[in-house]
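Asks: Have a look at the structure that comes next, please.
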Amino acid sequence: MDPFTIRRALPDDAAACAETVAASIRMLCEADHHRDPAILSRWLADKTPEHLVSRIAGPGRVFVAECRGAVVGVGEVEADPHPPGTGKITLNYVAPAFRGQGISRALLAAMEADLRGLGRPEASLTATATARDFYLAHGWQVAAPPRQGRWIVGHPMRKDLNA
């Protein structure tokens, strides 16, 4: 396993972030998109460098996992406009070639720590079917029944970050 670091994303990372997220969705999330071109098209529509640069510059906090100078994982948290004391994890994707090397776990830990540092003791996310068991294994709990989202079925989850 190659060493990697977690850091805040920079605007210059947007293209690499978009590429990593899109590859992860296409290659690792088949349980969600079932290789349906229409679902993939809708899911990937906002995973462009232009959109990612706006997220990096926006109110969210985007993190990257970097290995040998390449972006191999992308995560994002939103602290606002959620109820007081809460935050939301909106992205956690890893490059397919780096799956199983602890990158998603490290991104998740960094994002949870970031939310705690912002005074957010509780967090939520909507997991894919692909990632649901990963989050359960990391202390997240089912918050509501699965529901149809914009393009796939989502699994609402929550976690007490101070537990």
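Asks: Output wanted: per-residue J couplings in Hz (rounded whole) for segment 66-73, from phi through Karplus 6.51 cos²θ - 1.76 cosθ + 1.60, θ = phi - 60°, x for Gly and Pro.
Replies: Residue by residue, segment 66-73 yields 10, 9, 6, x, 10, 6, 10, x Hz.
Asks: Can I ask one more? If you take the square roots of the eigenvalues of the alpha-carbon gyration tensor of segment 74-161 and sort them as a ≥ b ≥ c, do you get rounded (a/c under 1.5), prolate (a/b over b/c) or oblate?
Replies: Working: a/c = 1.69, a/b = 1.13, b/c = 1.49.
The shape class here is oblate.
Asks: Would you compute, from DSSP H runs of 4+ residues alone, the mean residue ellipticity of the chain at 222 nm, taking -39500 (n - 2.57) per run and dividing by the full residue count, rounded to the nearest 500?
Replies: Helix-only estimate at 222 nm: -10000 deg cm²/dmol.
Asks: Same structure again: May I ask you to order 139-147, 155-163 by the average number of other C-beta atoms within 10 Å around their residues, highest value first?
Replies: Sorting 139-147, 155-163 by mean packing, highest first, produces 155-163, 139-147.
Asks: Per-residue HN-Hα couplings for segment 44-58, Karplus 6.51 cos²θ - 1.76 cosθ + 1.60 at θ = phi - 60°, whole Hz, x for Gly and Pro?
Replies: Each residue of segment 44-58 in turn: 8, 4, 9, 9, 9, x, 5, 5, 5, 5, 5, 5, 5, 7, x Hz.
Asks: A further question follows. Of the listed values [x] 11.5; [y] 17.6; [z] 9.0, grab the one calculated as mean projected area of the Cα convex hull in nm² from the structure here.
Replies: Identified label for the calculated read-out: [z].
Asks: If you don't mind, there's one more thing I want to ask. Determine, for each peptide in 41-50, 108-117, the mean count of other beta carbons within 10 angstrom over its residues, then list the peptides with the highest first.
Replies: Sorting 41-50, 108-117 by mean packing, highest first, produces 108-117, 41-50.
Asks: Separation of segment 50-81 and segment 122-163 by C-alpha centroid, Å?
Replies: Between the Cα centre of segment 50-81 and that of segment 122-163, the gap is 20 Å.
Asks: Quick one: length gained pulling Glu50 to Ala137 fully straight, 0.36 nm per residue minus the C-alpha distance?
Replies: Using 0.36 nm per residue and subtracting the Cα-Cα distance, I get 28.0 nm.
Each value in this text was obtained by applying a stated rule to the coordinates, not by laboratory testing. Note that this is a predicted model, so its numbers are computed, not measured. Counting neighbours? That spans all protein chains shown, and the Cβs are built from the backbone with ideal geometry, glycine included.
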